[in-house]
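In what follows, a single structure is set out as structure tokens and then discussed.
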Amino acid sequence: MMNYGRMRNALALTGALLLVQPAVVWAQAAPPRAPARPATRALPATGAMVRSYVAQKKVPGMVVVVGGPDWTSANAAGRVATEATASPVTVDSLWRVYSMTKPITGMAAMMLVEDGKLKLDQPISDFIPGFKSMKVLTDPDTSLASRPATRPITVRNLLTHTAGLGYSIVTKGPLLKEYERLGIVPAAVNRQAEVAMAQARPRSLAEFADRVATLPLIAEPGTRWSYSIGLDVLGRVIEVASGMSFEQFLQTRMFGPLGMRSTYWTVPQSEKGRFATNYAWAGDNLVPVDPAATSVWLSPPSFPYGGAGLVMSAGDYDRFLHMLQNGGTLDGRRVMKPETVALGMSDLLPNGVAFGGVDGATGGQTGPKMGFGAGGSVYLETLPGRPAKGTYGWGGAAGTVGFVDPVRQLRGTVMVNYFPADRFPMRDDLVKALASDLAGPLG
């Protein structure tokens, strides 16, 4: 049984990929399930790498999908669980994408910017009055002593993790205890952990945001990058600004128009046969943390977690990325303007704030010079063996990765489900395989 502390530690270790995906982003993509199916392209080295990971029992199953503007390559191997009776992995298998939810939430907010219902530098107190008078901790490590904030939290701050908000996977000290006491833990791990988490957690996005507003910040808004619950709070801003629930907005404006039919906040019982079990490495043993047959994701969450709440297929995540790659259209349907997509995939960090990668202690890595866009990182330079300048994307705690490289017109998705995400050098292996397949260095 996983207690609350172990759950947090697991997410902290695996949250690496949530934070780190920049180094990972260059090795994946996905195949559209659209009426107009693009041409396929063979990537033999990538396929061999996927099969080798399964054959060496590094993963029970894995999907890597890579696509250009008019071609797609999908490589899948293994099963959705270690049992011999488990379903084979396909592009329609279901995976916990955790923080790969963040770019989806970020781009949903950009839709409202396009509509004129949000402005990047608009105070979020316009939508959630509780954030009108925030306080900032004066000694975050030892106390909850605070002073009045001198700047408001803005939509830009929520999008880029510069609001001064914390996160239970990285925050420490007295503020972490307050987050836990008030149930500011917008994520699911398994049914055992959920027993304690659900008792404390708010029952709606509105209540969640209002509770967050009662707590002090770890830094003055707009002055520091710190991984946070900003995208979860943004879900409530989207609700108020749009006049509909967060789930309804995404379904109406994104999932429905893009034909994303395998994207769930709650996995239907009828679909659990294609749902992957989530595992954790304990030494050299792969231990099931959240078996698909009894998964916590088969029951509705306390509220929709805009930072870590979705279960998706590789095919569906690819449709989202393909839309971004195409400048807001897919299969002849426009869901965003090209300039809105470009803005969301650009560096939106406030002046004077830098994003330097992730602390290796959480399993993360540093990369080339990076900025931060709407819920995902943005490469600010091109280096050998790395994505091109302008590449946008993010990853998930259980090892998933998604990216769009607008310079090379390449998109990618990787689906696996295990903790910790950096158990194997998957990113480097994928980069090498893709370099071979695409006939040239990735830099």
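Residues considered: Glu178, Glu114. Of these, the only one that is more than 30 Å from Asp347 (Cα to Cα) and either touching a Leu at 6+ places or on another chain (Cβ under 6 Å) or modelled with pLDDT of 95 or more (or both) is Glu178. Just so you know, in the range 405-428 the residues that are in a loop (DSSP other than H, G, I, E, B) and among the polar types (S, T, N, Q) include one that is farthest from Thr40 (Cα to Cα), and it is Asn417.
The residues listed here are Glu194, Glu220; of these, the one that is among the charged types (D, E, K, R) and under 30 Å from Gly352 (Cβ atoms) is Glu220. Considering the range 303-329 alone, what residues qualify as being under 19 Å from the mean Cα position of the chain (by Cα), among the hydroxyl-bearing types (Ser, Thr, Tyr) and more than 15 Å from Met415 (Cα to Cα)? Selection gives Tyr305 alone. What do you reckon, is Gly352 small (Gly, Ala, Ser), in a loop (DSSP other than H, G, I, E, B) and farther than 27 Å from Leu205 by Cβ? The answer is yes for Gly352. Residues of the range 115-141 that are surrounded by 18 or more Cβ atoms within 10 Å (Cβ to Cβ) and either more than 17 Å from Gly164 (Cα to Cα) or among the charged types (D, E, K, R) (or both): Leu118, Phe127. Given the structure, is Gly328 surrounded by 24 or more Cβ atoms within 10 Å (Cβ to Cβ), small (Gly, Ala, Ser), more than 30 Å from Pro291 (Cβ to Cβ) and outside the structural domain of Val170 (by TED's automatic domain parsing)? For Gly328, the condition - surrounded by 24 or more Cβ atoms within 10 Å (Cβ to Cβ), small (Gly, Ala, Ser), more than 30 Å from Pro291 (Cβ to Cβ) and outside the structural domain of Val170 (by TED's automatic domain parsing) - is not met. For the range 261-283, how many residues meet the condition of being modelled with pLDDT of 95 or more and assigned to a loop (DSSP other than H, G, I, E, B)? Number of matching residues: 8.
The values are calculated or read from the model by the stated rules, or taken from the named source; none is laboratory data. All values derive from a computational prediction rather than experimental measurement. With ideal geometry, Cβ positions are generated from the backbone for all residues, glycine too; neighbour counts draw on all protein chains shown.
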